[in-house]
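The structure under discussion appears below in the form of structure tokens.
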Amino acid sequence: MRDYAELWEHAPSGHLLLDDDGLITAANATFTDWTGHTAAALVGTPFPKLLPIGDRVLYTTHSLPQLMVSGRIAEASVQVVGPDGSRHPALLSATRVEGADGPETRVALVDAQQRRRYEEELLAARRRAEESEARISQAEAELAELVHHDELTGLLNRPGLLRALRGRLGAARTDRGDGAVPTVLFVDLDGFKTVNDALGHASGDELLQVVARRIRCASRASADVARFAGDEFVVLDDVTTSGAARVAERLLDLLAEPVVLQGVEVVVTGSVGICAADVPVAEPDATEIAELVLRRADHAMYRAKAQGTGRWTAHHPGDSDPGADRLLLLEQLRSAIREGELRVHYQPRQHLPTGRLSGVEALVRWQHPTRGLLQPAAFIAAAEQSGIIRELGAWVLTEAVEQAVRWDTAGGPAGLQTAVNLSARQLADPDLVPLVARTLARAGLPASRLVLEITETALMSDPDAALRSLQELKALGVLLAVDDFGTGFSSFTYLKRFPVDELQIDRSFVTGMTTDAGDHAIVASCVHLAHAMGLVAVAEGVETAAERDALRALGADQAQGYFFSRPVPAAEVLPG
Amino acid sequence: MDAAMRPTQVLPGPVAERLHVTSTGDPDGPVLLLAHGFGCDQGMWDGVLPHVSADHRVVRYDLMGYGRSDVSAWDPVRYSSLDAHAEDILAICAELDLHDVTLVAHSVSTMMALLAAVREPERFRQVFLVAASPYFLEDPADGYDGGFSAADMAEVAGALDSNYFTWAEAMAPVIMGTPDVPGNGARLTASFCRVDPDVARQLLVIMFTTDFRPLLPRVTTPTVIVQSRADALVPPSVGDHLRAHLTGSTLVQLEAVGHCPHISAPEETAAAIRAHLLPRR
């Protein structure tokens, strides 16, 4: 039989045998030669004693339990301490098996000089990577700061201000007892444009920088100061009502000091509007309220300016000024859209040669909970100025298109056209064309059954953008009408330029056409013009049989007005 | 049915899933909640299990970052103190509606167990502390000997880093069938023994830097201190310190050697626990 003991003694790895108490029972020559320990000294020694303290803790807390539970450990990186204190990096593997005299742990230790160094380098690299990650996120934070500041003045910019305001609103849930609440002071310069025009942009910029410094000086250290836009500045601070007034006075005093630009002494004054956010604000509402508070401060500033330069006014809850009313109206309108208080009424349109129903114009109404049924005049202008018109317009469009399909289903007249009004803002909205396409597709209404009415004013406010939108709408197959023709620019040029299908003659001319020769002439030329350009001529506001007859005589194609029907709910358009 | 052969059930529920909570034994028996220490997972209690499961409902779990716990739920900030781990114990008790619990904890889990018992004393009947230490360092101020010097700390961190890659590899969920483990005969131990290196590092750092001695007088739950001989981490004097500062505690000295007597001498450890179990309140 071969002497396996010899093989074991000089195996390539160091080997140790341990009993179940972790005491060394045998060590091979490879191990003793390598570490300098003697076999005699090793026997009876607890194995963890050969490890430096760190490895010992690790071995005891992690390797040993793993060995006991799973029966093995593979390649733990340890150091073996020699009798002289020298350390020998090693990879430790072990198995726990049933030996002749009970359980036995067989330990193999491989010299791992290289491996340990390699792992240490890798680890150092990992730690460096983590540090550089930390640096990157710091750089990102710095970038975020840049994004929130105005380059010219170093003050917060609009996004930065909104963030600060949202933060203060969100934090202002508990009354601190001193009456201080987040307050916006909206500062607008009077006469900035004059400086810019007279002395050039560089001087204008310099002026803004001077003003920025002065506003910073006039504000308390706790304030956030922003250049909101152009020559508009905002001071945001937690102050009391009287505190806000003091800040406003200080701001106006400092602004009134002359500034010397290019040797010219310039006096710029300002107007200040104040609005305090004195209601606790829930986190999700902070964004909306922030905008609201800024708008109110802005409106207060305009009221101040209206009284003369160098003044301030504060917004008071319940102010009956038009600005505040408008804001209240808008808030109610938002909720009206959500709560389903809007209605669409339809005014029938007659095909004049045959007297048959040719189409309807969809007109929005607001079933106001306290004020009753409101006409568009009561709310459309405010909606148009605020941007709510997009939401409102989309709702009306969807409702009207779906109603057209409902009439079809109910056996209404074939090819009945539905006309819907578009505002200037809607026309400028890049989402308009997709919205129209989506709405038609979803309802399943052919595009040619929809007429979109656009006023002259809307067309001319941004003719290039309007042209693009109209061309795309035209491509969908939708019909386009010019509304209120004759009241605006009445220009042939745009009639030629825009791809319109209908001309709607304004009611003011129609009403006078049977009594006033001039109005009659205008209506006549509108009809001729329309026909000359291949457009359908539609008359609005027909109230008498005489008007209808006169329009027929002029060859107008369609007409609508009280003479035929007032705008009515969908159910009354087609009786039965 | 032999209690040891009763199926081990992995329990449903968000906390149970996060910490891989399992239950076995007599469903109507008093609750024995086993909390494992450093190194592996709830499998560390396998040897003790057959000796307690016949007449106990035995609930086990994996420490956050260990075994089959959901390491994605590990938040280094939240887990930067043992409080989060103690909250895990309480969350298990709450989700499983466990009451009058006998909590058996090993090593690092002993301090989590005491934190939990101080938070919700009404929840626990008794706490067993196996190989416990409230403070690993020596304190020259009052002569306390935790076994380690401050200088040893740096070495421990270094050793952890050296094994980072070994551990990172061990994270792969490898089931190790070990029919050759002594005494296990036909039993197949499916052990994960997974350790997330970052978690392990943090837990060891907490243990070596936190002095839990002020916690001891606040414990009102009856405690049993189970100490083994020649524990590389816990000198005998630590057992005496615990005995002196835990009101109404009992100190049990085992013949077993090393930091993990429940693995190396499960019968003796189980017998010591059984001998000191309190009756139902």
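Taken together, the values in this text are just the output of simple stated rules run on the coordinates, not laboratory data. Everything quoted here is computed from the prediction, not taken from an experiment. We place every Cβ from the backbone using ideal geometry, glycine too, and count neighbours over all the protein chains shown.
Classify chain B: rounded, prolate or oblate, from the alpha-carbon gyration tensor (a ≥ b ≥ c, eigenvalue square roots; a/c under 1.5 rounded; otherwise prolate if a/b is larger than b/c)?
Rounded is the answer for chain B, as its axis ratio a/c remains below 1.5.
Under 26 Å from the Cα of A:Lys193, which lysines turn up, not counting those fewer than eight places away in the same chain?
The qualifying lysines are A:Lys305.
If you take the square roots of the eigenvalues of the alpha-carbon gyration tensor of the range A:410-519 and sort them as a ≥ b ≥ c, do you get rounded (a/c under 1.5), prolate (a/b over b/c) or oblate?
oblate
Could you give the nm distance between label points at B:Ala141 and A:His528, where each point is 7 Å from its Cα heading toward the beta carbon?
Placing both labels 7 Å along Cα→Cβ, they lie 10.7 nm apart.
Can you pull the semi-axes for the protein assembly as shown, root of five times each eigenvalue of the Cα gyration tensor, sorted largest first, whole Å?
84, 36, 28
Can you list residues whose amide H is under 5 Å from A:Leu452's amide H, if they're 5+ apart or on another chain and H is modeled 1.01 Å from N?
HN-HN under 5 Å from A:Leu452: A:Val420, A:Leu479, A:Leu480, A:Ala481.
Over the range A:33-79, what number does the Rg to Rh ratio reach, with both radii from the alpha-carbon atoms and Rh per Kirkwood?
My calculation puts Rg/Rh at 1.01.
How long is the range A:157-259 along each principal axis, judged by its Cα atoms, biggest number first, in Å?
For the range A:157-259, the Cα spread along each principal axis is 50, 27, 18 Å.
If you place +1 on the Cβ of every Lys and Arg and -1 on the Cβ of every Asp and Glu, how big does the dipole about the Cα centre of the range B:52-111 come out, in debye to the nearest 20?
Using only the charged Cβ atoms, the result is roughly 200 debye.
For chain A, what is the charge dipole size about the Cα centre, in debye to the nearest 20, if Lys and Arg each add +1 at the Cβ and Asp and Glu each add -1 at the Cβ?
Using only the charged Cβ atoms, the result is roughly 740 debye.
Hey, which aspartates and glutamates would be in cross-link range of A:Lys474, C-alpha to C-alpha under 17 Å, not counting anything within fewer than 8 residues on its own chain?
Cross-link targets: A:Asp429, A:Asp431, A:Glu453, A:Asp464, A:Asp483, A:Asp501, A:Glu502.
Using the alpha-carbon atoms, what tilt in degrees (0 to 90, nearest 10) does helix A:286-306 show relative to the longest principal axis of chain A?
40 degrees
Say R0 is 35 Å: what FRET efficiency, to the nearest 0.05, do B:Arg280 and B:Ser72 get from their beta-carbon distance?
It comes to 0.35.
Name the residue farthest towards the positive end of the dipole of the range A:158-319 from the options A:His316, A:Val264, A:Leu199, assuming +1 on Cβ of Lys and Arg, -1 on Cβ of Asp and Glu, about the Cα centre.
With unit charges placed on the Cβ atoms, the residue in question is A:His316.
Could you give the longest part of chain A that holds none of the chymotrypsin sites (Phe, Trp or Tyr not before Pro) found in DSSP loops with at most 16 neighbouring Cβ atoms within 10 Å?
By the stated rule (loop sites, at most 16 other Cβ atoms within 10 Å), A:1-488.
Under 1.5 on a/c is rounded, so check that first for the range A:479-561, then, if it is not, pick prolate when a/b is larger than b/c and oblate when it is not; a ≥ b ≥ c are the square roots of the alpha carbon gyration tensor eigenvalues.
Taking the square roots of the gyration eigenvalues as a ≥ b ≥ c, the range A:479-561 is prolate.
Throw me the Rg/Rh for the range A:350-434, computed over C-alpha atoms with Kirkwood Rh, two decimals.
Checking Rg against Rh, the ratio lands at 1.03.
Normalise the Cα radius of gyration of the range A:66-112 by 2.2 N^0.38 Å (N = residues in it) and let me know the number.
In units of the 2.2 N^0.38 Å rule of thumb, it is 1.32.
When Lys and Arg each count +1 and Asp and Glu each count -1, what net charge do the other residues less than 12 Å away from A:Lys49, Cβ to Cβ, add up to?
Overall, the nearby charge balance is 0.
Give me the percent of Cα-Cα pairs in the range A:4-111 that sit more than 22 Å apart, rounded to a whole number.
The answer is 22 percent, as a whole percent.
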